[in-house]
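This report refers to the structure that appears directly beneath it.
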């Protein structure tokens, strides 16, 4: 009996030791495993750490542009013109980085199309320059989207019909007075609009709070806007650049950013903005939520984002350049963006339970 008891005690001790060891393994595994990521945490971080800062950057770049525009219209010179052109480019790229999410205040306030409308119409800009009516705020508010915003300002700053000297002359002297007033009025309108949008995102009752509390509806909207940015914003611009039906001179006018030489940089900024939204910048994003649900899908979409961005970076020149090497690189970038779009529509949307409302232009 005593021997049996000893064996029983030995077995019991072994079982107890195994249980304790298992508990230690579980605890160690829990320490190694990343914390669970909720949809709410992802939306909170995207609103506060990605979208709101992006609109703050846009407002800041708009203020820089306004300062450069004032200098140009006050003292036209090659230097002030170059500074205004550079400030315009920096504001455009800041605008591109916000376009992965096209809803919220920028839409609700009715300013999206007035910040930039494409394709632009040179005739609309020329009509304002020839009109006899004085340029004031009331007149600017009556102008259509073709005659205001970043695209109209691109024409005034980078007119492809003029060389550098003629562009400067258009801002100089008595003959440039109307263009100076028109130019400055458009810049001031942009500054007001971007500050309004930034302000509408802020505060306890701002759109960031609404975004965070939107749940699946917000996630649906966000993924659909990302799809629109990837297909229309990136693929569409890349496809237009290699459209063989367009003559070279027409392509440089019709490709967005052609006159200013920002066509490639604009697509890159848009994709970088889309990836920042998807990844939550350096914090929690949709990718982390996806990683929790289906890790292989999260890895594939992250890799495809990088391939698309790398392909656009590899384009050695403006998108509208007809050189064979550039054209091949543009086509490859288009194909990588297309692969990203398909992956978002299929694997990502189904995993996240997203209702797709974005209407594709390619028949998918």
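The values are calculated or read from the model by the stated rules, or taken from the named source; none is laboratory data. Bear in mind that the values here come from a model prediction, so they are computed numbers and not experimental data. FYI the Cβ positions are ideal-geometry reconstructions off the backbone, even for glycines, and counts take in every protein chain you see.
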Exercise for review: Identify the single condition in (1) at pLDDT 95 or above; (2) surrounded by 20 or more Cβ atoms within 10 Å (Cβ to Cβ) that residue 120 does not satisfy, given that it satisfies every other one.
Suggested key: (1)
Point to revise | helices (runs of 4 or more DSSP H) (entirely within segment 98-191) containing at least 1 residues that are touching a residue at least 24 places away in the same chain (Cβ under 8 Å), under 30 Å from residue 55 (Cα atoms) and within 24 Å of the chain's Cα centre (by Cα) | key: 105-108, 112-115, 149-157
Check your understanding: Any chance segment 73-87 includes a residue that's closer than 30 Å to residue 206 by Cα and either at pLDDT 95 or above or not in a helix (DSSP H, G or I) (or both)?
Key -> yes
Practice item. Could you check how many residues of segment 79-96 are surrounded by fewer than 22 Cβ atoms within 10 Å (Cβ to Cβ) and touching a helix residue (DSSP H, G or I) at 6+ places or on another chain (Cβ under 6 Å)? Key: 6
Practice item. Return yes or no: is residue 195 over 24 Å from residue 258 (Cα atoms), touching a residue at least 40 places away in the same chain (Cβ under 8 Å) and outside any loop (DSSP other than H, G, I, E, B)? Key: yes
Practice item. Please indicate, with yes or no, whether at least one residue in segment 183-192 is out of contact with any helix residue (DSSP H, G or I) (no Cβ under 7 Å at 6 or more places or on another chain), at negative phi and modelled with pLDDT of 95 or more. Key: yes
